[in-house]
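Participant: The structure's right below; bear with me while I get my questions together.
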Amino acid sequence: MPEPKLTFTEKVAIVRLEMKGLKRAAAGITDQPDIDAGIQRIKDRARKRAANGK
């Protein structure tokens, strides 16, 4: 499935989540399913918006 076109706000939200994950990785936490799920939710929302034609 192709990547959805993300808005600026969605891109910022993904960067924020990735920074949170980076901090956790520095602390030694390698398994971060909540970060992955959050990014997936943002991308799913963008796909749904694109499918509705907005």
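Participant: Pairs needed: first member in the range 36-54, touching a residue at least 24 places away in the same chain (Cβ under 8 Å) and under 14 Å from GLY21 (Cβ atoms); second member anywhere, surrounded by 15 or more Cβ atoms within 10 Å (Cβ to Cβ) and among the charged types (D, E, K, R); C-beta distance under 7 Å; at least 6 residues apart or different chains.
Facilitator: Taking only residues 6 or more apart or on different chains, the pairs are ILE42/GLU10.
Participant: Shifting gears a bit: Are there any pairs, at least 6 apart or on different chains, whose C-beta atoms fall under 7 Å, with the first in the range 6-21 and surrounded by 13 or more Cβ atoms within 10 Å (Cβ to Cβ) and the second among the polar types (S, T, N, Q), and if so, which?
Facilitator: GLY21/GLN32
For every residue, the table says whether it meets (1) part of a loop (DSSP other than H, G, I, E, B); (2) touching a Ser or Thr at 6+ places or on another chain (Cβ under 7 Å); (3) over 18 Å from LYS5 (Cα atoms); (4) not basic (Lys, Arg).
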site: LYS20; (1), (2), (3), (4): no, no, yes, no
site: ARG24; (1), (2), (3), (4): no, no, yes, no
site: ASP34; (1), (2), (3), (4): no, no, yes, yes
site: GLY38; (1), (2), (3), (4): no, no, no, yes
site: ILE42; (1), (2), (3), (4): no, no, no, yes
site: ARG49; (1), (2), (3), (4): no, no, no, no
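Bear in mind that the values in this text are calculations on the coordinates, not laboratory data. Just so you know, these numbers come straight off a predicted model, no measurement behind them. Positions of Cβ are backbone-derived with ideal geometry, glycine not excepted, and every protein chain shown enters the neighbour counts.
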